[in-house]
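Note sheet for the following structure.
The values are calculated or read from the model by the stated rules, or taken from the named source; none is laboratory data. Owing to the predicted nature of the structure, the values given are computational and were not obtained by experimental measurement. Backbone-built Cβ (ideal geometry, glycine too); neighbour counts: all protein chains shown. Surface accessibility is based on the protein's heavy atoms, side chains included, excluding ligands, DNA and RNA. Shrake-Rupley method; radii C 1.70, N 1.55, O 1.52, S 1.80 Å.
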Amino acid sequence: MLKPPICRVGGKSRLRKTIIEMMPDHKCYIELFFGAGWVYFGKQPSKTEIINDIDKELINLYKMIKYHAPEIERQLEFEFSGRDIFEEYKHLNLEYLTEINRAVRFLYTITQSFAGKGCVYGYSTVGKPSQHIFYKNVLDELSERLKNTYAENLDFTRIIDKYDREYSFFFCDPPYFETCGYGNKFEEEEHIILRDKLKNIKGKFLLTINDHVKVREWYNGFNIKEVQVNYSVGKEKKSRGKYKELIITNYD
Ligand SMILES: C[S@@+](CC[C@H](N)C(=O)[O-])C[C@H]1O[C@@H](n2cnc3c(N)ncnc32)[C@H](O)[C@@H]1O
């Protein structure tokens, strides 16, 4: 199983084996909310694959890894962890950067920030500086994996409309209901739109989401499996621990 180049809040590192085992037969694999892509990087390639995320910089990163991995590795080869460098990268004007430069900036700020959010320089009183900027010989494998994959940067509704067929399988890992977001609005309204779309697809779907009484109501009638997951995202003790998550499918 490959490891993604970045981490993302809500990433499916701990659940990916279970999710992969639950996938139905399909010809076209679509990941609507890609993030770090733990499931995609863990599974065997499908005949046709689409990865999608609304985050423009995130999708640009995967496109650049796909086409220009050696140049990204070269630009990061002598880079190191530092608060001043982090601030410099963070405040670069995207308008003046090439797509490769933007990918390098994104990789640096995500890997060197607290919880991979790209906002605040990540440091610790009990650990070492993040070593994860050294991508030499790492990105090649990911580039090879991405070679035959479409990378889209659209709202999930448009991707469902474009790619839904009887042989399609949608893996959906939307932002959790009533928890931290990703810079764009994803509230009850968007969750209901997603549910209504999934209700009417020709293909199959598997959705992962936090266990919430409203979520259970929305997906009443679908197959709902409860799983326990360990989280360790926050500095605070209260943001670590075991949480219940739901895996919802429209197939047995
Ligand atoms: C829970 S994360 C996905 C984590 C991913 N499964 C992983 O393993 O890293 C949710 C993702 O949905 C994306 N997102 C939020 N709103 C979206 C929308 N309307 N359409 C598509 N993607 C969206 C966010 O940018 C974020 O990367």
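Taking region 31-65, which residues are touching a strand residue (DSSP E or B) at 6+ places or on another chain (Cβ under 7 Å) and assigned to a helix (DSSP H, G or I)?
Selection gives Val39, Tyr40, Ile59, Tyr62, Lys63.
This table checks each residue for (1) open to solvent by 10 Å² or more (accessible area, probe 1.4 Å); (2) within 15 Å of the ligand (Cβ to nearest atom); (3) of a type outside the set (Phe, Trp, Tyr); (4) at pLDDT below 95.
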site	(1), (2), (3), (4)
Arg14	yes, yes, yes, yes
Ile19	no, yes, yes, no
Met23	yes, yes, yes, no
Lys27	yes, no, yes, no
Leu32	no, yes, yes, no
Ile50	no, yes, yes, no
Asp55	yes, yes, yes, no
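Tell me which residues, restricted to region 175-225, are polar (S, T, N, Q) and more than 20 Å from the chain's Cα centre (by Cα). First the steps, then the outcome.
Taking region 175-225 first, the residues polar (S, T, N, Q) are 179, 184, 200, 208, 210, 220, 223.
Correct list: Asn200, Asn220, Asn223.
May I ask you to list pairs of residues, at least six apart or on different chains, whose Cβ atoms are under 7 Å apart, with the first in region 165-189 being closer than 12 Å to Val215 by Cβ and the second being exposed (fewer than 14 other Cβ atoms within 10 Å of the Cβ) and modelled with pLDDT of 90 or more?
Filtered contacts from region 165-189: Phe177/Lys214.
Which is open to solvent by 50 Å² or more (accessible area, probe 1.4 Å), at pLDDT 95 or above and outside any loop (DSSP other than H, G, I, E, B), of Arg158, Arg145, Arg165, Arg195?
On the way: Arg145 fails: open to solvent by 50 Å² or more (accessible area, probe 1.4 Å); Arg165 fails: outside any loop (DSSP other than H, G, I, E, B); Arg195 fails: open to solvent by 50 Å² or more (accessible area, probe 1.4 Å).
Going through Arg158, Arg145, Arg165, Arg195 in turn, just one is open to solvent by 50 Å² or more (accessible area, probe 1.4 Å), at pLDDT 95 or above and outside any loop (DSSP other than H, G, I, E, B): Arg158.
Scan region 73-90 and report the pairs whose first residue is over 19 Å from Lys128 (Cβ atoms) and whose second residue is in a helix (DSSP H, G or I), with Cβ atoms within less than 7 Å and a gap of 6+ or a chain change.
Here the result reads Glu73/Leu139; Gln75/Val104; Tyr89/Arg105; Tyr89/Tyr108; Tyr89/Thr109; Lys90/Thr109, each pair linking region 73-90 to a residue that is in a helix (DSSP H, G or I).
When you scan region 57-66, do you find a residue that is closer than 15 Å to Ile159 by Cβ and charged (D, E, K, R), even just one?
no
Scan region 127-141 and give yes if some residue there is at pLDDT 95 or above and over 22 Å from Leu2 (Cα atoms), otherwise no.
No, the conditions are met nowhere in region 127-141.
Got at least one residue in region 53-66 being of a type in the set (D, E, K, R), over 30 Å from Lys204 (Cβ atoms) and in contact (Cβ under 8 Å) with a residue 24 or more places away in the chain? If you could, list the steps in order and put the result at the bottom.
Initially, region 53-66 is screened for residues of a type in the set (D, E, K, R), giving 53, 55-57, 63, 66.
Those left that are additionally over 30 Å from Lys204 (Cβ atoms): 57.
If we keep only those that are in contact (Cβ under 8 Å) with a residue 24 or more places away in the chain as well, we get 57.
Looking through region 53-66, at least one residue is of a type in the set (D, E, K, R), over 30 Å from Lys204 (Cβ atoms) and in contact (Cβ under 8 Å) with a residue 24 or more places away in the chain.
Restricted to region 213-234, and to residues that are modelled with pLDDT under 95 and crowded, with 16+ Cβ neighbours inside 10 Å, which residue is farthest from Asp53 (Cα to Cα)?
Checking each candidate, the answer is Val229.
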